[in-house]
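The block underneath contains the structure these notes are about, expressed in structure tokens.
The values are calculated or read from the model by the stated rules, or taken from the named source; none is laboratory data. Note that the coordinates shown come from a computational prediction; the quantities given were computed from them, not determined experimentally. No Cβ is skipped: glycine too gets one built from the backbone with ideal geometry, and neighbour counts run over all protein chains shown.
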């Protein structure tokens, strides 16, 4: 079927004998031809994307495999070095690090980790009158603002008071031209 479609498209192109440089869409037939050319180009995009995706999947699988192998080696050697460093620390409790030609092994003091239950902390701070330690975030409800006010030129106006809503400008956009190619 694909060969027949290709053959038909080639025949139609030869019949129309159209050159891109001097071509002007000025009839329904020419508009239909341009739509067919768009459809063909879109099909090429789909096919190229499918091929690229297939190859990317293969490359990603290879990369993951190589990455996992390398990570196993890294984990293995880090474990061996950790065991060695612990032994050194057992002999010398002050041992913290050692520089070697290919790098350094060391123990690093970690800072404590804080686990918060936000609701409980907020409640405690409010009850303790420590609201200086609370963050309040305010932001406009944009969808509701669009419904509550009216547009006049490039301003948003409160219909009840006639006041201009400060901080909002309305940008009027031109109609967008779209081409829809049929799936048939």
Worksheet entry | Count of residues meeting criterion [in a helix (DSSP H, G or I), modelled with pLDDT under 75 and surrounded by fewer than 10 Cβ atoms within 10 Å (Cβ to Cβ)] in the stretch 5-28 | 2
Discussion item. Tell me the residue from 40, 111 that is free of Cβ contacts under 8 Å to residues at least 60 places away in the same chain and within 30 Å of residue 178 (Cα to Cα), please.
Written reply: 40
Worksheet item: Is there a residue in the stretch 87-99 that is surrounded by 10 or more Cβ atoms within 10 Å (Cβ to Cβ), outside any loop (DSSP other than H, G, I, E, B) and touching a helix residue (DSSP H, G or I) at 6+ places or on another chain (Cβ under 6 Å)?
Response: no
Discussion item. Just to verify a result, which residue in the stretch 166-184, among those that are in contact with a helix residue (DSSP H, G or I) (Cβ under 9 Å, 6 or more places away or on another chain) and surrounded by 10 or more Cβ atoms within 10 Å (Cβ to Cβ), is nearest to residue 32 (Cα to Cα)?
Written reply: 181
Fill in: strands (runs of 3 or more DSSP E) wholly inside the stretch 118-184 containing at least 1 residues that are on the phi > 0 side of the Ramachandran plot
164-169
Discussion item. Checking residue 49 against (1) surrounded by 10 or more Cβ atoms within 10 Å (Cβ to Cβ); (2) touching a strand residue (DSSP E or B) at 6+ places or on another chain (Cβ under 9 Å): exactly one of these is not met. Which one?
Written reply: (2)
Discussion item. Yes or no: the stretch 53-66 includes at least one residue that is more than 28 Å from the chain's Cα centre (by Cα) and under 30 Å from residue 179 (Cβ atoms).
Written reply: no
